[in-house]
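One structure is given here, and the rest of the page talks about it.
The values are calculated or read from the model by the stated rules, or taken from the named source; none is laboratory data. This structure is a prediction, so every number in the text was calculated from the model and none was measured. A quick note on method: Cβ atoms are made from the backbone with ideal geometry, for glycine too, and the neighbour counts reach across all protein chains shown. With ligands, DNA and RNA removed, areas are computed over all heavy atoms of the protein, side chains included. Shrake-Rupley method; radii C 1.70, N 1.55, O 1.52, S 1.80 Å.
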Amino acid sequence: QVQLVESGGGLVQAGGSLRLSCAASGRTFSSYAMGWFRQAPGKEREFVAGCSWRGGTTSYSDSVKGRFTISRDNAKNTVYLQMNSLKPEDTAVYYCAAQRGSYYDTSAPIASWGQGTQVTVSS
């Protein structure tokens with residue numbers, strides 16, 4: 001089982017950018033598709049972005065498409081989420097997720113979750 005640790009969250013003004021990182025332990029990182037989720041106060045956790053085991057295939061929720069970019073570096077066992085043009089409604093705890101398989105499948109179960117990192121966007 002891969003262990004995940006997120007970093008890079010913080011407070012940013014609307015229109016700004018942040019890059020989240022998720023470091024994975026273990027030698028099997030490249031065998032997992034990876035995803036990012038977020039959970040705002042009082043709301044359910046929602047899918048944000050996913051990428052395949054090499055990062056060549058990506059998917060995004062409609063709310064972040066065109067503003068966020070998911071990528072990964074298998075040599076560093078790390079997945080990233082570049083967030084641009086941030087909006088107050090992007091405020092949430094962001095979670096990294098690992099899914100067994102080569103390509104991210106929004107209907108498949110998550111094998112491992114990170115502990116989350118807070119992102120706050122002020123207006």
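Laid out as a table, the results:
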read-out	value
Highest to lowest packing among 108-115, 78-85, 37-44, 97-104, scored as the average C-beta count within 10 Å	78-85, 97-104, 108-115, 37-44
Per residue value of the accessible surface for the chain (all protein chains in place, 1.4 Å probe), Å²	51 Å²
Simple label model, 7 Å out from Cα along Cβ direction - residue 13 to residue 106, nm	3.4 nm
Test item: Cα-centred dipole of the chain, Lys/Arg +1 and Asp/Glu -1 on Cβ, debye	260 debye
Percent carbon-and-sulfur accessible area, the chain, ignoring ligands, DNA and RNA, probe 1.4 Å	47 percent
Ellipsoid semi-axes in whole angstrom, largest first, where each is sqrt(5λ) of the Cα gyration tensor of the chain	23, 14, 13
Theoretical gain in end-to-end length, residue 65 to residue 115 [0.36 nm per residue, Cα-Cα removed]	15.6 nm
